[in-house]
Amino acid sequence: MPLDTLYINSIIESETKDKILRAIHTLEKEFGIPTWKKKDPLDELIVTILSQNTNDRNRDKGYQRLRASFPSWQDVLKADVALIEEAIRPAGLAVQKSRRMQGVLRWINNTFGGLTLQPLKSMKDDEVIELLTTQKGIGVKTAAVVLAFALDRDICPVDTHVHRIAHRLGWVSPKTTAEKVFYLIRPFIPNGKAPTFHLNLLEFGKTRCTARNPHCNNCPLQQDCIWEGSVRFRADV
Ligand code: SF4
């Protein structure tokens, strides 16, 4: 790579790092340092599959109904898929999710000799991502959620909120996919900060930097925003 390209890349990297550090600090000032209730890795995986393309309320409804109908994962594995579909209907995409869920449970049973993800505890982060993402319905985000919130790993999953905010705050170039954002911002997050940063970005994305009509006037990160729809670039405000 030519020297001037290397030089420009190093400036971009250092600016991105500064922006991410500023976001971590600012959001901690706004929302504090969040905590979470740690789940069993398999429970977390199933909840995260249910959460795809829906909101928290509908995901929780679907999960509660699933657990009420099928108290153990063995029950889900053996069940008629139409009954799983019915139980998780509030979470949306019930046909697809019920089949994927059963497929993942079958794979876990065959791979680990039982319905448990405890063997992941002895694997490295990237090995876990590589293994889980071989399965339909498990992307990098889902694997990262299991790592961060059920296996105590220092990982910041990139969901739809984090993806949107990363673009608006100019951490990545336009059109960068969520999966690429995950790998690009990973080295810039200080040790020990990744899961809480993810939770604060979620809070920021749900309450301020919403997909539609973000509350830009009240935004503590406005100085770093490069999104043309933000209040900084609108002539009508
Ligand atoms: S200024 Fe608006 S669009 Fe930009 S980060 Fe803040 S809330 Fe989001």
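Values in this text are rule-based calculations from the coordinates and carry no lab data. Nothing here was measured: the structure is a model prediction, and the numbers come from that model. Every residue, glycine as well, gets a Cβ built from its backbone with ideal geometry; the counts of neighbours run over all protein chains shown.
Beyond 25 Å in Cα-Cα separation lie the following of the pairs 61/175; 39/141; 29/175; 19/124; 39/175; 124/175: 61/175; 29/175; 19/124; 39/175; 124/175.
Computed from point charges on the beta carbon alone (+1 for Lys and Arg, -1 for Asp and Glu), the dipole magnitude for the chain about its Cα centre is near 580 Debye.
Considering only 138, 83, 50, and ranking their Cα positions along the charge dipole of the range 41-150 that arises from unit charges at the beta-carbon of Lys, Arg, Asp and Glu, the one farthest toward the positive end is 83.
Taking the C-alpha atoms only, the angle from helix 94-112 to the longest principal axis of the chain is near 80 degrees. Taking other C-beta atoms within 10 Å as the exposure proxy, 98, 173, 51 rank 173, 51, 98 from fewest upward.
The local environment of residue 164, defined by Cβ-Cβ distances under 12 Å, has a net charge of +3 under the rule Lys, Arg +1 and Asp, Glu -1.
From least to most packed, judged by other beta carbons within 10 angstrom and beginning with the fewest, 132, 93 follow the order 93, 132.
Taking only the alpha-carbon positions of the chain and ignoring solvent, what does the Debye formula give for the base-10 log of I(q)/I(0) at q = 0.14, 0.15 Å⁻¹? Listed by q, the Debye log ratios stand at -0.95, -1.06. Across the range 186-232, counting alpha-carbon atoms alone, Rg and Dmax equal 12.2, 33 Å. Pairing the Cα long axis of helix 194-207 with the longest principal axis of the chain, what angle in degrees results, from 0 to 90 and rounded to the nearest 10? For 194-207 against the chain, the angle is about 80 degrees. With both labels modelled 7 Å from their Cα along Cα-to-Cβ, the residue 43 to residue 55 distance reads 2.5 nm. Here the residues 189, 226, ranked from fewest to most Cβ neighbours within 10 Å of their Cβ, fall in the order 226, 189. Overall size of the range 70-184 from C-alpha positions, given as principal axis extents largest first: 47, 34, 20 Å.
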